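Asks: I have a structure here, written as structure tokens, and I will follow up with some questions on it.
The values are calculated or read from the model by the stated rules, or taken from the named source; none is laboratory data. Small disclaimer: the values here were computed from a predicted structure and weren't measured. All Cβ positions, even for glycine, are placed from backbone atoms using ideal geometry, and neighbour counts span all protein chains on display.
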């Protein structure tokens with residue numbers, strides 16, 4: 001028996017996991033930003049992806065972008081199995097973040113999403 005996709009807390013994208021959370025009240029998916037950054041920026045491990053996201057967020061804030069302020073924190077299961085606060089973004093905000101990642105990988109995935 002297949003579970004409804006809204007019950008799954010992990011999405012698989014190009015063979016890699018992206019943690020996510022369904023907000024029933026707002027009817028929105030929230031995705032772990034660092035997981036998406038790790039895939040699109042071709043970061044080899046979580047620590048590098050987290051540093052990349054921190055630097056990107058700092059640059060976006062300096063440019064006056066409101067995208068980072070639209071990110072929230074939710075507790076999600078971390079690699080060590082513990083619940084930890086994680087930066088998350090809904091689909092709309094995530095698309096804006098993806099546009100900010102200087103990577104041909106990110107551009108290709110954006111184009112795929114619009115085709």
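Asks: Scan the stretch 32-41 residue by residue and report those that are at pLDDT 95 or above and not in a helix (DSSP H, G or I).
Replies: Of everything in the stretch 32-41, just one residue is at pLDDT 95 or above and not in a helix (DSSP H, G or I), namely 32.
For every residue, the table says whether it meets (1) at pLDDT below 90; (2) in a helix (DSSP H, G or I); (3) exposed (fewer than 11 other Cβ atoms within 10 Å of the Cβ); (4) touching a helix residue (DSSP H, G or I) at 6+ places or on another chain (Cβ under 9 Å).
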residue	(1), (2), (3), (4)
43	yes, no, no, yes
53	no, yes, no, yes
61	no, yes, no, yes
74	no, no, no, no
93	no, yes, no, yes
98	yes, yes, no, yes
105	yes, yes, no, yes
111	yes, yes, yes, no
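Asks: Residues of the stretch 76-88 being under 17 Å from residue 43 (Cβ atoms), in a strand (DSSP E or B) and free of Cβ contacts under 8 Å to residues at least 60 places away in the same chain, which ones?
Replies: First, the residues of the stretch 76-88 that are under 17 Å from residue 43 (Cβ atoms): 78-79, 86-87.
This time we only want the ones that are in a strand (DSSP E or B), so: 86-87.
87, the sole residue that qualifies.
Asks: Next question, about the same structure. How about the stretch 12-41: which of its residues are out of contact with any strand residue (DSSP E or B) (no Cβ under 8 Å at 6 or more places or on another chain) and surrounded by 13 or more Cβ atoms within 10 Å (Cβ to Cβ)?
Replies: If the condition is that a residue be out of contact with any strand residue (DSSP E or B) (no Cβ under 8 Å at 6 or more places or on another chain) and surrounded by 13 or more Cβ atoms within 10 Å (Cβ to Cβ), then 13, 37, 40, 41 are the ones that fit.
Asks: Select from the stretch 1-31 the residues that are at pLDDT 85 or above and assigned to a loop (DSSP other than H, G, I, E, B) and write down the one among them that is nearest to residue 76 (Cα to Cα). Before you say what the answer is, go through the steps one by one.
Replies: Taking the stretch 1-31 first, the residues at pLDDT 85 or above are 17-31.
After this cut, where a residue has to be assigned to a loop (DSSP other than H, G, I, E, B) as well, the list is 24-27.
Details: 24: 16, 25: 18, 26: 18, 27: 18 Å.
Only one residue fits best here, namely 24.
Conditions tested, residue by residue: (1) out of contact with any strand residue (DSSP E or B) (no Cβ under 6 Å at 6 or more places or on another chain); (2) farther than 12 Å from residue 19 by Cβ.
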{"residue": "46", "(1), (2)": "yes, no"}
{"residue": "53", "(1), (2)": "yes, yes"}
{"residue": "56", "(1), (2)": "yes, yes"}
{"residue": "60", "(1), (2)": "yes, yes"}
{"residue": "64", "(1), (2)": "yes, yes"}
{"residue": "67", "(1), (2)": "yes, yes"}
{"residue": "70", "(1), (2)": "yes, yes"}
{"residue": "74", "(1), (2)": "no, no"}
{"residue": "81", "(1), (2)": "yes, yes"}
